[in-house]
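The values are calculated or read from the model by the stated rules, or taken from the named source; none is laboratory data. Keep in mind it's a predicted model, so treat the numbers as computed, not measured. Glycine gets a Cβ as well: all are built from the backbone with ideal geometry, and neighbour counts include every protein chain shown.
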Amino acid sequence: MTEAILESMAESELSFKSIERETGVLRQSLMKFAAGEQTIRLDAADKLAAFFGLEITRRKANDGKRVPKDGHKAASPESGNRHTKR
């Protein structure tokens, strides 16, 4: 999301002052965010996204299959990776 906001800011060619006036996000925060010196708060990101017409959409990762916290896909019966006690 932050990449899309940064890209939109650059493409708009609006000044930080103009964006501040339209969104209420402080110019100093915008400048530091654009320079990569700090992240942006969620409420500010929401205001900027709305201003630039951006939306958050959920994308399907791993074909919609759940990946456990350890990062490995769970074995399915079809995969032949069943563990059995010997």
Would you check if A44 is in contact with a Leu (Cβ under 6 Å, 6 or more places away or on another chain) and in a helix (DSSP H, G or I)?
-> no
Residue count, region 40-55 (criterion: β-branched (V, I, T) and surrounded by fewer than 17 Cβ atoms within 10 Å (Cβ to Cβ)) | 0
Quick one: in region 34-77, of everything that is more than 13 Å from I5 (Cα to Cα) and among the β-branched types (V, I, T), which residue is modelled with the highest pLDDT?
-> T57
Could you check how many residues of region 1-33 are more than 25 Å from T57 (Cβ to Cβ) and at pLDDT below 95?
-> 1
Could you say which residue among E3, E7, E37, E20 is charged (D, E, K, R), surrounded by fewer than 12 Cβ atoms within 10 Å (Cβ to Cβ) and not in a loop (DSSP other than H, G, I, E, B)?
-> E3
Filter result for K85 (part of a loop (DSSP other than H, G, I, E, B), touching a Ser or Thr at 6+ places or on another chain (Cβ under 9 Å) and modelled with pLDDT under 90) = no
